[in-house]
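Visitor: To start, I am sharing the structure in question, which I have written as structure tokens.
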Amino acid sequence: MAGMNRQKEQQISRMAKWVKEKLAHEGTGHDWLHISRVRSLSLVIAKEEGADLFITEAAALVHDLIDEKLSEKHRVPLRELASRFSEWNVERKAAEKILGIITRMSFRDREKYKDTELSKEGMAVQDADRLDAIGAVGIARAFMYAGAKGHLLYDEEASEKNIPSAASHFDEKLLHLKDLMNTQTGRTLAEKRHDLMLTFLNELKNECSMTGKRPL
Ligand code: ADP
Ligand code: NI
């Protein structure tokens, strides 16, 4: 919250407290710990890129709340979020910027919004969100997700038949994220995380093919 006035600091604290309560027991990878990591990483990127820190931090805090993948219990309709902002006296212009960012930044809607530019703050939050899906944390999240859904770990035959596994998610999405970074800071941070995933997948496939060759 460095460099913000007291009122903005208070607004961020209230937002954080509310989001933490909302997402504490969320079970699809959009839990409070994900939000906290994205919040910190967004600020690192925003500082490097000269983006507004209040808009960035606020957008990072609420970025997953409107996602349709969240269960009813955790999701907040856009209109309710807007009325919370006015309850907390967030300026209308700032609220519009924050809500604009979170509606534009989802991976699924990227086609729909491909012609509209994200703001600098939006770019910082989107890069941070994508960075949290790659590297060591990203690997861990993918296996948590697969575990929760009862998917397989890795199976070459299943992959060929398009049966979902944690490993197939890397080809489908995670290995593409490095090239979708908006900012130079994001790109630099993504390099190392991407390389770690390649090393990990290589080892995973080696180890699985060794065990696969063992006679039953
Ligand atoms: P976003 O935050 O972009 O909406 P998702 O909801 O798609 O991300 O995913 C949340 C987390 O779960 C991410 O870390 C993502 O990599 C992981 N995940 C999503 N779908 C799968 C899948 N089919 N297999 C493994 N992991 C997944
Ligand atoms: Ni997210």
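Visitor: Filter the stretch 56-73 down to residues that are over 19 Å from Leu131 (Cα atoms) and not acidic (Asp, Glu), then give me how many there are.
Guide: Total satisfying the criteria: 5.
Visitor: Filter the stretch 58-75 for residues that are within 14 Å of ligand 2 (Cβ to nearest atom) and of a type in the set (A, V, I, L, M); which is nearest to Leu43 (Cα to Cα)?
Guide: Among them, the one singled out is Ala60.
Visitor: Right, something else. Between a first residue in the stretch 17-41 that is under 20 Å from Gly122 (Cα atoms) and in a helix (DSSP H, G or I) and a second residue that is among the aliphatic types (A, V, I, L, M) and open to solvent by 30 Å² or more (accessible area, probe 1.4 Å), which pairs have beta carbons less than 9 Å apart while being 6 or more apart in sequence or on different chains?
Guide: Pairs found: Trp32/Ala24; His34/Val137; Arg37/Val137; Leu41/Leu189.
Visitor: Could you say which residue among Ala60, Ala95, Ala124 is of a type in the set (Gly, Ala, Ser), free of Cβ contacts under 8 Å to residues at least 40 places away in the same chain and in a helix (DSSP H, G or I)? Show your work before the answer.
Guide: Numbers: Ala60 fails: free of Cβ contacts under 8 Å to residues at least 40 places away in the same chain; Ala124 fails: free of Cβ contacts under 8 Å to residues at least 40 places away in the same chain.
None of the other options fit; the residue is Ala95.
Visitor: Could you look through the stretch 133-154, keep only residues that are near ligand 1 (Cβ under 7 Å from one of its atoms) and not in a helix (DSSP H, G or I), and pick out the one that is farthest from Ala59 (Cα to Cα)?
Guide: His151
Visitor: Exactly one condition in (1) modelled with pLDDT under 90; (2) not in a helix (DSSP H, G or I) is not met by Glu157; state its number.
Guide: Looking at each condition in turn, Glu157 falls short on (2).
Visitor: For the structure I just gave you, tell me whether Glu26 is under 21 Å from Glu80 (Cβ atoms) and either in the same structural domain as His74 (by TED's automatic domain parsing) or of a type in the set (A, V, I, L, M) (or both).
Guide: Yes, satisfied.
Visitor: Do you know which of the residues in the stretch 15-57 that are open to solvent by 20 Å² or more (accessible area, probe 1.4 Å) and among the aliphatic types (A, V, I, L, M) is farthest from ligand 2 (Cβ to nearest atom)?
Guide: Going through the qualifying residues, I end up with Leu53.
Visitor: Then there is this: Of all residues in the stretch 162-196, which are more than 16 Å from ligand 2 (Cβ to nearest atom), open to solvent by less than 20 Å² (accessible area, probe 1.4 Å) and under 15 Å from Ala124 (Cα atoms)?
Guide: Residue satisfying the conditions is Thr183 alone.
Visitor: Still on this structure: Here are the criteria: (1) assigned to a helix (DSSP H, G or I); (2) away from ligand 1 (no atom under 11 Å from the Cβ). Tell me which single one Asn162 does not satisfy.
Guide: Exception for Asn162: condition (1).
The values are calculated or read from the model by the stated rules, or taken from the named source; none is laboratory data. All figures in this text were calculated on a predicted structure; none of them were measured in a lab. Here the Cβ is made from the backbone with ideal geometry for all residues, glycine too, and neighbour counts use every protein chain on show. We work out accessible area using only protein heavy atoms, side chains counted, and drop any ligands, DNA or RNA first. Shrake-Rupley method; radii C 1.70, N 1.55, O 1.52, S 1.80 Å.
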